[in-house]
Amino acid sequence: MRTNDWFKKMSFYQIWVRSFADGNGDGIGDLYGVYDKLDYIRKLGVDGIWFSPIYPSPNADYGYDISDYRDIHPDFGTLDQFKKVLEKAHSLGLKVIMDLVVNHTSDEHPWFIESCKGKDNPYSDYYIWRDRPNNWDSLFEGKAWEYNEQRGQYYLHIFAKKQPDLNMDNPRVREEVKGIMRFWLDMGVDGFREDVINFISKKEGLPDGLPFLPAVNGMPYYKDGPHIHEYMAEFRKVAEEYDCFQLGEGPMTTVQSALKYLSGPTKSLDMMFGFDHMMADCVYTEYIHRPFSLVKLKKAFSKWQYALAGKAWNALYLENHDHPRVISRYGSERFHRESGSMLAASYIFQCGTPFVYQGQEIGMTNIRLWNIEQYVDVSTKNNFHTYHVKDDIKDRLKRIHLSSRDSSRTPVQWTAGKNAGFSKLKPWFYVNPNYRRINVEAQEHDPDSILNFYRKCLALRRHSETLIYGTYREYFPKDPNIYMYERRLKDIRYLIVCSFTRLPLRLRIPKEYAGKKGKLLLCNYPEGRQLMAEHFKERLKQEVDLLAWEHGMLRPYEARVYRFRFTKDKGVQK
Ligand code: NOJ
């Protein structure tokens with residue numbers, strides 16, 4: 001039975017296992033490595049883990065092409081090993097959620113193999129077959145239709161050719177999805193992150209898309225399709241039999257359509273990953289780069305914060321396995337420590353459940369490879385070969401360096417030793433050469449490291465009702481360099497100030513804070529450490545006069561978190 005909103009207090013850590021930690025010494029990350037690192041994850045201060053797909057897969061899309069929904073990829077271990085991880089995670093107080101990828105399977109899934117055999121086959125209608133393709137493009141590889149000789153028809157694949165779309169209009173397919181959910185829930189997992197879930201219902205007749213919208217021309221006919229909420233309601237029923245948490249991935253979703261999944265009579269998800277804030281330096285995809293705009297980022301943040309307030313709950317993230325590293329995008333590799341830690345404060349204190357992606361907590365950065373053959377991600381290769389603006393190879397590689405998903409998939413940098421401590425053997429993919437400088441071991445020993453700042457942010461959020469449930473308000477939305485937001489509950493207010501520039505800045509103060517005194521709880525420059533320690537001992541007596549810091553300067557990429565107690569007449573009280 002659903003006990004509802006336990007997930008609101010939580011924060012999550014996302015694991016993309018292949019690059020997390022190699023426990024059995026074959027150069028590939030696995031569940032043995034995860035098992036050994038669970039204490040590290042717990043110490044970060046999160047309460048749950050989201051596993052990107054760990055099922056058998058031919059890896060055309062690194063696990064998002066599943067060939068068996070009820071087993072573990074042999075590269076990662078066995079079902080028994082997974083159960084051990086699950087048990088240990090639970091004993092440490094960590095929830096575990098799995099990736100549920102049901103828009104498509106692998107073309108090596110037995111259902112597809114059967115479906116190819118002909119129209120009389122019991123699996124014939126598991127996929128979307130046509131005699132004649134429409135004009136849709138795939139998001140990953142050329143056209144969205146591939147001819148299958150054996151069947152003598154075309155099948156739809158919104159993603160790679162090896163990822164045929166399931167036909168969710170077939171009730172048997174929906175029963176399969178429910179069976180998969182039950183299989184993992186019965187084992188004890190706590191929920192699902194549901195891959196491209198807003199794509200699972202396609203418009204009847206599959207009409208042609210607009211010819212002038214490359215790659216996304218079919219999207220109006222497969223995003224938020226006609227039966228989506230019926231199908232989602234069926235899956236929700238299964239989730240409700242358990243205490244199952246559901247998080248949907250919603251590519252290109254607007255906040256209005258997200259609300260339909262998150263609230264009201266069609267509520268079928270607890271949270272949704274939106275993408276608006278991932279486009280502050282690009283148009284639709286990171287491959288179409290533009291200079292970073294803080295105003296755009298803030299607009300996206302606040303749009304979701306205001307629209308969901310009181311109605312639904314946000315999923316907060318800055319990184320995952322689909323995006324390049326955030327320091328390389330919205331921060332500064334030169335001001336690595338400062339911008340990496342500031343970025344943590346820029347999102348963890350918003351209203352919602354924060355997600356931290358592996359390596360983000362030490363500020364891993366984009367990798368720069370020298371030719372396209374070195375990259376392994378299917379969409380990276382497709383972008384390189386298809387969507388170039390200029391024919392110039394250097395320009396195309398530069399775009400790949402800025403945009404590739406492979407940057408978030410390099411092995412996690414654990415130590416300054418061989419293979420960054422990820423594996424004894426040569427890792428399956430390139431280690432970012434900066435591992436000698438950027439690694440967990442070094443940051444463990446440095447109280448002012450990005451890692452330790454993440455720990456402080458997550459601890460502060462977890463101990464504050466205001467930071468979990470308080471209302472959100474943004475100040476100075478047009479300011480091109482500072483992101484300032486407030487969280488408020490009853491008479492307590494937190495003010496979070498983040499500088500997004502390498503230039504020192506004079507701090508602006510919201511009118512209502514002028515003359516008020518607040519406590520500086522957290523700061524990403526060295527003195528912040530002391531402040532935080534004192535906060536937890538509840539010994540911090542000293543209050544900061546805001547008028548005093550009005551004349552103060554914000555240092556490059558500085559982040560500060562203040563706490564105030566407002567009363568009606570006096571404004572501030574101890
Ligand atoms: C979204 C996943 O996050 C991404 O990695 C994958 O390539 C696509 N969905 C297709 O499954």
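Identify, please: which residue in the stretch 138-165 is more than 21 Å from Val102 (Cα to Cα) and not in a strand (DSSP E or B) and is, among those, farthest from the ligand (Cβ to nearest atom)?
Of everything passing the filter in the stretch 138-165, Gly152 is farthest from the ligand (Cβ to nearest atom).
With Leu425, Leu495 as the choices, which residue is in contact (Cβ under 8 Å) with a residue 60 or more places away in the chain, part of a strand (DSSP E or B) and either within 26 Å of the chain's Cα centre (by Cα) or within 30 Å of Tyr62 (Cα to Cα) (or both)? Write out each step before concluding.
Working: Leu425 fails: part of a strand (DSSP E or B).
Exactly one of Leu425, Leu495 is in contact (Cβ under 8 Å) with a residue 60 or more places away in the chain, part of a strand (DSSP E or B) and either within 26 Å of the chain's Cα centre (by Cα) or within 30 Å of Tyr62 (Cα to Cα) (or both), namely Leu495.
Residues of the stretch 95-126 being assigned to a loop (DSSP other than H, G, I, E, B), surrounded by fewer than 23 Cβ atoms within 10 Å (Cβ to Cβ) and charged (D, E, K, R), which ones?
Glu108, Lys117, Lys119, Asp120
Take the stretch 375-413 and flag every residue that is within 15 Å of the ligand (Cβ to nearest atom) and part of a loop (DSSP other than H, G, I, E, B).
Tyr375, Val376, Asp377, Ser404, Arg409
I'd like the full set of residues that are surrounded by fewer than 21 Cβ atoms within 10 Å (Cβ to Cβ), without any contact (Cβ under 8 Å) to a residue 24 or more places away in the chain and either outside any loop (DSSP other than H, G, I, E, B) or touching a strand residue (DSSP E or B) at 6+ places or on another chain (Cβ under 9 Å) (or both), limited to the stretch 48-86.
Leu79, Asp80
Test Pro251 against the stated conditions and say whether it is crowded, with 23+ Cβ neighbours inside 10 Å and assigned to a loop (DSSP other than H, G, I, E, B).
On the way: crowded, with 23+ Cβ neighbours inside 10 Å: no; assigned to a loop (DSSP other than H, G, I, E, B): yes.
No, not satisfied.
Assess whether Lys298 counts as being at pLDDT 95 or above, away from the ligand (no atom under 16 Å from the Cβ), under 28 Å from Tyr469 (Cα atoms) and touching a strand residue (DSSP E or B) at 6+ places or on another chain (Cβ under 6 Å). Walk me through it before giving the result.
Details: at pLDDT 95 or above: yes; away from the ligand (no atom under 16 Å from the Cβ): yes; under 28 Å from Tyr469 (Cα atoms): yes; touching a strand residue (DSSP E or B) at 6+ places or on another chain (Cβ under 6 Å): yes.
Here the answer is yes, as Lys298 does meet what is asked.
May I ask you to verify whether Phe384 is aromatic (Phe, Trp, Tyr) and either modelled with pLDDT under 95 or surrounded by 23 or more Cβ atoms within 10 Å (Cβ to Cβ) (or both)?
So Phe384 fits the description; yes.
Every residue in the stretch 112-137 that is more than 16 Å from the ligand (Cβ to nearest atom), in contact (Cβ under 8 Å) with a residue 24 or more places away in the chain and in contact with a Ser or Thr (Cβ under 9 Å, 6 or more places away or on another chain), please.
Across the stretch 112-137, the qualifying residues are Ser115, Lys117, Gly118, Asp125, Tyr126, Trp129.
Just wondering, is there one or more residues in the stretch 202-222 that are at pLDDT 95 or above, touching a Leu at 6+ places or on another chain (Cβ under 7 Å) and either surrounded by 14 or more Cβ atoms within 10 Å (Cβ to Cβ) or assigned by TED's automatic domain parsing to the domain that holds Leu100 (or both)?
yes
When the stretch 29-47 is examined, which residues are found to be hydrophobic (A, V, I, L, M, F, W, C) and part of a helix (DSSP H, G or I)?
Taking the stretch 29-47 as the starting set, the residues that turn out to be hydrophobic (A, V, I, L, M, F, W, C) are 31, 34, 38, 41, 44, 46.
Result: Leu31, Val34, Leu38, Ile41, Leu44.
For the stretch 175-195, name all the residues that are within 16 Å of the ligand (Cβ to nearest atom) and surrounded by 22 or more Cβ atoms within 10 Å (Cβ to Cβ).
Restricting attention to the stretch 175-195, the residues satisfying the condition of being within 16 Å of the ligand (Cβ to nearest atom) are 177, 180, 192-195.
Across the stretch 175-195, the qualifying residues are Phe192, Arg193, Glu194.
From Leu185, Leu166, grab the single residue that is within 16 Å of Ser201 (Cβ to Cβ) and either in contact with a Phe, Trp or Tyr (Cβ under 7 Å, 6 or more places away or on another chain) or not assigned by TED's automatic domain parsing to the domain that holds Lys119 (or both). Give the steps one after another, and end with the answer.
Values: Leu185 fails: within 16 Å of Ser201 (Cβ to Cβ).
Answer to the check: Leu166.
Can you say whether Arg42 is touching a residue at least 24 places away in the same chain (Cβ under 8 Å), under 17 Å from Phe192 (Cα atoms) and more than 16 Å from the ligand (Cβ to nearest atom), as far as the supplied structure shows? Spell out how you get there, then give the answer.
Values: touching a residue at least 24 places away in the same chain (Cβ under 8 Å): yes; under 17 Å from Phe192 (Cα atoms): no; more than 16 Å from the ligand (Cβ to nearest atom): yes.
Here the answer is no, as Arg42 does not meet what is asked.
Among the helices (runs of 4 or more DSSP H) contained in the stretch 277-372, which hold 1 or more residues that are closer than 23 Å to Arg409 by Cα and touching a residue at least 24 places away in the same chain (Cβ under 8 Å)? Lay out the reasoning, then the answer.
Details: elements: 294-308, 327-330, 336-348.
Result: 327-330, 336-348.
The values are calculated or read from the model by the stated rules, or taken from the named source; none is laboratory data. These numbers were taken from a predicted model, which means no experiment stands behind them. Here Cβ is always computed from backbone atoms with ideal geometry, including for glycine, and neighbour counts include all displayed protein chains.
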